[in-house]
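Structure, as C-alpha cells:
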Amino acid sequence: MSGYIKLFSGTSILVNRLAYILDETGIASIVKDNKESGRLAGFGTLGQSVDLLINESDYEKAKESLDFFHKEISK
C-alpha cells in the first residue's frame, strides 16, 4: 500500500467513527482490521489492532478532522 500512512489505531468502533468523519470531509480512508484477519487465519492478535490509513497527500486536510475526533472522544 504505497502512498498510504497510518492515521489512527484503536478499536473498530473508534476507527469506524473517524473514518465516517473523514468521509464527510471528502477524505478516502482504508480500515485495516488485523484482529479479524487474524481470526480468519486461525490466530489472534493483541491490543488495538484496527488501523485507519489515508493517502499521504490527504494528511494536512485530515489533521483538522483528527483534532475534532480527539476532542470528541476525550469528553
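We did not get these values from a lab; they are worked out from the coordinates using the rules stated. All values reported here derive from a predicted model rather than from experimental measurement. Using ideal geometry, Cβ is built from the backbone for each residue, glycine included, and neighbour counts are taken over all protein chains shown.
Remarks
- Taking other residues whose beta carbon is less than 12 angstrom from the beta carbon of Leu14, and scoring Lys, Arg as +1 and Asp, Glu as -1, yields -1.
- Aspartates and glutamates with Cα under 17 Å of Lys6, excluding same-chain neighbours fewer than 8 positions away: Asp23, Asp33, Asp51, Glu56, Asp58, Glu60, Glu64, Asp67
- FRET efficiency for Asp23 and Ser74, using Cβ-Cβ distance with R0 set to 22 Å, rounded to 0.05: 0.55
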